[in-house]
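Student: Below is a structure I'd like to ask you about.
The values are calculated or read from the model by the stated rules, or taken from the named source; none is laboratory data. Just so it is clear, the structure is predicted and the values come from calculations on it, not from any experiment. Don't worry about glycine lacking a Cβ; one is built from the backbone with ideal geometry, like all the others, and counts go over all protein chains shown.
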Amino acid sequence: MSILPAEFSEFLAKYPTRKLKKGWPILYQGEVPRTAYVIKKGMIKVYDISTSGEEKVVTFDSVGDILPSSWVFKKSPVSLYYFDAFTDCEVYAVPRQALFDAIHAHKEILEYALDKYVSMYVTATLHIFALEQTKSSDKLLRILQYMAMRFGKEIKPGYKYIDVQLTHLDLAHMIGMTRETTSVELGKLRKANVISYKNQRYTLNVTKMQRILGADEFKSLDV
């Protein structure tokens, strides 16, 4: 969970909040937002829908994230994606210009926003790298790596716990695979003790994943 700087918390406290039940939409693709949002509690799913009607998950936004960022920072006149509550959520509703001005006027808030977006950029490249893999097993390992960097917590040396409830279909949507293939590959990883999962939450054996990937990415997952 992100810890908001004091200046940002004080600024946000002046604005109303909206509560969203899991699955409720907050923004539609192509919509001109009425206001900007900052997540106070919960998680938002950001996704696109392909021409064949398939959902393609772009990312998940969590506590402290600003959305839709492309609109807030005046890079797009509309929301580029769909935004739905992935869990029960509460968001601050903040006028775009007020939020934009606050970020640029307060060094503490600006540094917080910069750190957020650098971290999101790093993890977004991992998501792209996962999509580029040709083998299903590699796609799945890379997307788990991405989730570990975004939402993982070290529970003991060598193990990361992803405190996000993810169905097999959620993971499949993130890497363009079928639910059936994703389930089979997860089963293989579980049997090999690379991962374990309970109640749709995953624990990663970082050491074993590092050996399989043949790289050092898992030596530091505190982005």
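Student: Pull up the range 159-182, narrow it to residues that are touching a His at 6+ places or on another chain (Cβ under 8 Å) and surrounded by 15 or more Cβ atoms within 10 Å (Cβ to Cβ), then point me to the one that is modelled with the lowest pLDDT.
Tutor: First, the residues of the range 159-182 that are touching a His at 6+ places or on another chain (Cβ under 8 Å): 174, 179, 182.
Cutting the leftovers down to surrounded by 15 or more Cβ atoms within 10 Å (Cβ to Cβ) gives us 174, 182.
On the way: Met174: 87, Thr182: 93.
If we take residues in the range 159-182 being touching a His at 6+ places or on another chain (Cβ under 8 Å) and surrounded by 15 or more Cβ atoms within 10 Å (Cβ to Cβ), then Met174 is modelled with the lowest pLDDT.
Student: Kindly indicate which of Val118, Val164 is closer than 24 Å to Asp84 by Cα and not in a helix (DSSP H, G or I).
Tutor: Residue meeting the stated conditions: Val164.
Student: Report whether or not Gly152 is touching a strand residue (DSSP E or B) at 6+ places or on another chain (Cβ under 8 Å) and surrounded by fewer than 17 Cβ atoms within 10 Å (Cβ to Cβ). I'd like the intermediate steps shown before the answer.
Tutor: On the way: touching a strand residue (DSSP E or B) at 6+ places or on another chain (Cβ under 8 Å): yes; surrounded by fewer than 17 Cβ atoms within 10 Å (Cβ to Cβ): no.
When the stated conditions are applied, Gly152 does not pass them.
Student: Can you pull out the residues in the range 92-111 that are of a type outside the set (A, V, I, L, M), part of a helix (DSSP H, G or I) and closer than 17 Å to Pro68 by Cα? Even if it seems obvious, please write down each step before you answer.
Tutor: Here is the first cut: in the range 92-111, the ones of a type outside the set (A, V, I, L, M) are 92, 95-97, 100-101, 104, 106-108, 111.
Of the ones still in play, those that are also part of a helix (DSSP H, G or I) are 96-97, 100-101, 104, 107-108, 111.
Of everything in the range 92-111, those that are of a type outside the set (A, V, I, L, M), part of a helix (DSSP H, G or I) and closer than 17 Å to Pro68 by Cα turn out to be Arg96, Gln97, Phe100, Asp101.
Student: Here's something else I'd like to know. Residues of the range 7-27 being within 18 Å of the chain's Cα centre (by Cα), assigned to a loop (DSSP other than H, G, I, E, B) and surrounded by 14 or more Cβ atoms within 10 Å (Cβ to Cβ), which ones?
Tutor: Lys22
Student: For residues in the range 185-200 being in a helix (DSSP H, G or I), more than 21 Å from the chain's Cα centre (by Cα) and touching a residue at least 12 places away in the same chain (Cβ under 8 Å), which is nearest to Gly158 (Cα to Cα)?
Tutor: Kept after step one, since they are in a helix (DSSP H, G or I), are these residues of the range 185-200: 185-191.
Filter once more, keeping what is more than 21 Å from the chain's Cα centre (by Cα): 185, 187-191.
Pick out the ones that are also touching a residue at least 12 places away in the same chain (Cβ under 8 Å) and you get 185, 188-189.
Values: Glu185: 22, Lys188: 20, Leu189: 16 Å.
So, considering only residues that are in a helix (DSSP H, G or I), more than 21 Å from the chain's Cα centre (by Cα) and touching a residue at least 12 places away in the same chain (Cβ under 8 Å), the one nearest to Gly158 (Cα to Cα) is Leu189.
Student: Just one of (1) under 25 Å from Asp88 (Cα atoms); (2) in contact (Cβ under 8 Å) with a residue 60 or more places away in the chain; (3) out of contact with any Phe, Trp or Tyr (no Cβ under 9 Å at 6 or more places or on another chain) trips up Leu141, so point out which.
Tutor: If we test Leu141 against (1) under 25 Å from Asp88 (Cα atoms); (2) in contact (Cβ under 8 Å) with a residue 60 or more places away in the chain; (3) out of contact with any Phe, Trp or Tyr (no Cβ under 9 Å at 6 or more places or on another chain), just (1) comes out false.
Student: Another question about this same structure. Polar (S, T, N, Q), surrounded by 14 or more Cβ atoms within 10 Å (Cβ to Cβ) and over 15 Å from the mean Cα position of the chain (by Cα) - does that describe any residue in the range 44-55? I'd like the intermediate steps shown before the answer.
Tutor: Kept after step one, since they are polar (S, T, N, Q), are these residues of the range 44-55: 50-52.
Still in the list and also surrounded by 14 or more Cβ atoms within 10 Å (Cβ to Cβ): none.
No, every residue in the range 44-55 fails to be polar (S, T, N, Q), surrounded by 14 or more Cβ atoms within 10 Å (Cβ to Cβ) and over 15 Å from the mean Cα position of the chain (by Cα).
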